[in-house]
Each structure stands twice: as structure tokens, then as C-alpha cells.
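Report on one structure; see the data block that follows.
Quick note: the coordinates plus some simple rules give every number you see, no bench work behind them. What you see is a predicted model, and the numbers here were worked out from it, not measured in a lab. Positions of Cβ are backbone-derived with ideal geometry, glycine not excepted, and every protein chain shown enters the neighbour counts.
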Amino acid sequence: MAARITKKCIGCGVCVDVCPYGALELFEGQAIVSGHCTVCGSCAEVCPANAIEIEGAASEGLGAQDKAAWSGVWVFAEREGDGFAPVVRELLTKGRALGDELGEKVTAVLLGSGVTDWAGELIAAGADDVLVVDHLDLADPLIEPYMRTLVELVVNRKPAIMLAGATTLGRSVMPAVAAVLETGLTADCTALAIDSETRLLRQTRPTFGGNLMATIVCPERRPQMATVRPHVFQAGEPDPGRQGTTTVVEMDKAVFTTATTFMTKHVELAEGERLEDADVIIAGGRGMGKPESLTLLNDLAKLFDGAVGASRPPVDEGWLPYVHQVGQTGKTVGPKLYLACGISGAIQHTAGMATSEIVVAINRDADAPIFELADFGLVGDVNEILPALIERLKKERG
Ligand SMILES: Cc1cc2nc3c(=O)[nH]c(=O)nc-3n(C[C@H](O)[C@H](O)[C@H](O)COP(=O)(O)OP(=O)(O)OC[C@H]3O[C@@H](n4cnc5c(N)ncnc54)[C@H](O)[C@@H]3O)c2cc1C
């Protein structure tokens, strides 16, 4: 993969100046590629003589792929701390089901530094194969090296489907991969299935402000790419006895070139347990009335060892930080118990909590839509019901 300078080059040097990687230089009045070209396309965009063509993945050209040569389901195994982001196990479980339906293999793709030994965990979670690129330059999740490593792997190994979590990293890297490969990506999917006739991946996601569900297919290009929000799919139990293969792939160091330096990581922590991991979520909406009432949510959450969630209005009002927001533009959660206090049940909210095992709603409006979803409903004022509930629980627990 590289930029190709054609005879139309007029030697103006504009491309040399614009290349972010210093991969071009002027030689005898012509631009030449003298360093590692990342096929970012910046040079071709500015060339006044249209003298630069981009070769490689992107230049396979729309419609030029032999789709029969692409097979298998890939899952991007995003790391988190000393393990994997929880969504990885969810995607491997779902990917396993899709792979079984297609009769194709499931491959986990693991990038990082000192991570090769972690591959067994991915096999136990459902992968048949693990592709590992283990290099010091991949220690920090920087977009360009991750993107180029994934592109190299895809171009050389041709998966039919590629899945990643709709996490901060997945949302940043996967669109870049899709753009270079000139393929489609459906972001934030809430359902995935195989079309029994066409064998295409049916990718479903909310659209038009959550009022419609759109099912999208990518018939012409490969891989078919999707990001999926955490907690949309259930992770299966790991099977430590599962057998699989691990392949460590060597990459040209130039693939890891980047103009970006990783400086520091800042994690914004919600008070108490993380929403995504909580078994019990006590969530409040506009019906809580005032920020002071949120202490009721905190008190109750503490009694359940749970976390505090919120609909969008309390976050917009600044009563709570954004990390607490549940819904279409917040977090997707799937706790054992979700207590919705003073929340009407707008679709943009329920999109983020509808998979909760048990939903209990407190609302003073008996016709509030949240009661359609709730397993148990209490019609009344949160400012009366919550203090009574807290007092009762405290008394019962001594
Ligand atoms: C593109 C887009 C994205 C969005 N993303 C999100 C999102 O991620 N998350 C989200 O939550 N929203 C989101 N929204 C906003 C969403 O449409 C709703 O406006 C929001 O969910 C309503 O929040 P609410 O239920 O707290 O407030 P309201 O709809 O105002 O409901 C308040 C409820 O409290 C009840 N109530 C009032 N006082 C009391 C009381 N004293 N005791 C008991 N009940 C009481 C009322 O009967 C009412 O049902 C989004 C909207 C758009 C357009």
C-alpha cells in the first residue's frame, strides 16, 4: 500500500509539505515516496495536477472485490486494564452464534504490548483463532497504528464480518478502518443477525432519534463492519477447555508510525459502582424535581450496593455528571434491577435500559409510558415513596 506518483507530477512540492509522515520528497524535480506511506491520501487531495494515485486497500476499487474470498467473523478484542473490555466477551458470544450459522470461523484480533499470553481467554470465550499483533508501539491505543494494523490484517486475511464494541476506542478506530477499506460500518448496533437467503449480516440500530429501528446490510463491500454497544448482548460462560489456535503476526514497524503521542489517560469515575457493572441501578429523572432529591437515589443505591443512573434532563441541568446518563446518547445498561424514579419512559431513555432483568417504576402519572415496560409499578410521589422505602430497608437490615 502506498501513494503512486504518476508522470503528471509537476514537481510543485505541495504534497511534500502536506504529508504528515514526511514520506515524500522532491528528487530531480519530481515527487517521490521515500518514507513509509500510510495511504492517508492527504497528498492526493492537494495535488494540483492530479498526479497521485493511492494504491493498496482503498484502490481495490468499489465493486472490485471477489466476495467469495472473504469469510469468517472477526471480533476486535479491546483491552481494558489488565483484561478485556466486557463487551469483548459479549461480542465473542454473539460472533460465535453468527459464525455457527454461517459455518465459518470466529477470530479474535488482539493488539497490544505483552498481550500474547492473553489469547487463551479469548478462545475460552468463543474464538476459534486469535490473531495477535504484540508490539511495544501498540501498548497505548492510538488510532493510527491500531487502524493501520487492522487494515493490514484485513487486507491480507479477508474476513467477511468485523465486529467491535461501540466504546470510545471502537468508535474512533473502526470508522477509520472502514474508510480506508471503502466498506460500510453500522455504528451502535442493537441487534445482529444473518439473512438466511443472502447470508448478509443484518445490522439493526435505532435511528430518527430512536423512533425507528433501521436494519442495514452491506451487500457490495467486505468486511461488513459493525460496532455494538456494551450490554446489548449477553456474554456466555467461558469454557476453559475450548481449543483454538493463536497466530502471532509480525508487522513492519512502519505500520505503527503516528503523528500522535499518548500523554495521559484521564478516567472520569461516577461515584460508587460503575453503571455498566452494577447489578442494581437506581435512576432518577426530571420527576426528582431538584438536585437535593438525588441524595435519595444515592442512599437507596448504597443500600443495594448499586449505582445511580439518570435520564437526560438531570444531566442537562447539571445535577449529575454525564457518566450517569442512561439512554441513546448515554450508557446502555442491563442490571438485574432497574428502579426508574420520576422517569417518563421516553424511547431515548428506554433504549439504554430495556434489557434490564427487572424494571420497577415510580411515577405519579399512572399513564406514564415507563409503566408499559415496568415489571412492577408504583403510582405516587418519589419524594414520599423513596424516603419510606429507604427507612423500611434500613429498619429491615438493622
Ligand atoms: C437525539 C436525542 C437523544 C436523547 N438521548 C437521551 C438519553 O440518552 N437518555 C435520556 O434519558 N433521554 C434522552 N433524550 C431525551 C428524551 O427524549 C426525554 O426527553 C427524556 O428521557 C425525558 O426524561 P425524563 O423522563 O426524566 O423527563 P420527563 O419526560 O419530563 O418525565 C418526568 C416524569 O416524572 C414524573 N414525575 C414528575 N414529578 C414526579 C414526582 N414528584 N414523583 C413521581 N413522578 C414524578 C412525570 O409524571 C413524568 O413522567 C434524548 C432526546 C433526543 C432528541
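General observations
- The angle between the Cα long axis of helix 294-303 and the main principal axis of the chain comes to about 90°, on a 0 to 90 degree scale.
- Value of Rg to Rh for the stretch 84-206 (Rh from inverse mean 1/r over Cα pairs, i.e. Kirkwood): 0.94
- For the chain, leaving out every one of the GluC sites (Glu not before Pro) that falls in a DSSP loop and has at most 15 other Cβ atoms within 10 Å, the longest unbroken run is 56-196.
- Alpha-carbon centroid distance for the pair the stretch 6-25 / the stretch 163-190, whole angstrom: 30
- Rel. contact order, % - alpha carbon contacts under 8 angstrom, at least six apart, the chain: 12
- Considering all different alpha carbon pairs of the stretch 3-55, the Kirkwood hydrodynamic radius works out to 10.5 Å.
- Principal semi-axes of the equivalent ellipsoid, √(5λ) from the alpha carbon gyration tensor of the stretch 159-310, are 35, 23, 19 Å from largest down.
- Whole-Å semi-axes of the ellipsoid equivalent to the stretch 275-396 (Cα gyration tensor, √5λ, descending): 18, 16, 15
- Using a Gaussian network model of the chain in which every pair of alpha carbons under 10 angstrom is joined by a spring, one finds that among PRO206, PRO223, PRO369 the greatest mean-square fluctuation is at PRO369.
- Cysteines having no other Cys beta carbon under 4.7 Å from their own, within the chain: CYS9, CYS12, CYS19, CYS37, CYS40, CYS47, CYS189, CYS218, CYS341
- Reported value for the stretch 230-327: 186 Å³ per residue, from the convex hull of its C-alpha atoms.
- Simple Cβ-charge dipole of the chain, Lys/Arg +1 and Asp/Glu -1, about Cα centre, in debye nearest 20: 440
- Between 0 and 90°, nearest 10: helix 143-157 axis offset from the chain longest Cα axis: 70
- Percent of C-alpha pairs per 20 Å bin in the chain, short distances first: 25, 47, 24, 4, 0.
- Local net charge near PRO20, Cβ-Cβ under 15 Å (Lys/Arg +1, Asp/Glu -1): -3
- Most positive-pole-ward Cα, PHE208, ALA278, THR264, against dipole of the chain from beta carbon charges: PHE208
- Between the listed residues TRP70, CYS19, PRO387, the Cα displaced farthest toward the positive end of the dipole of the chain, a dipole computed from Cβ unit charges relative to the Cα centre, is found at TRP70.
- Backbone phi angles across the stretch 282-288, fed through the Karplus curve with coefficients 6.51, -1.76 and 1.60 (θ = phi - 60°), yield HN-Hα couplings of 9, 10, x, x, 4, x, 5 Hz in residue order; Gly and Pro are listed as x.
- Long-range HN-HN contacts of GLY112 with modeled amide H, under 5 Å: VAL133, HIS135
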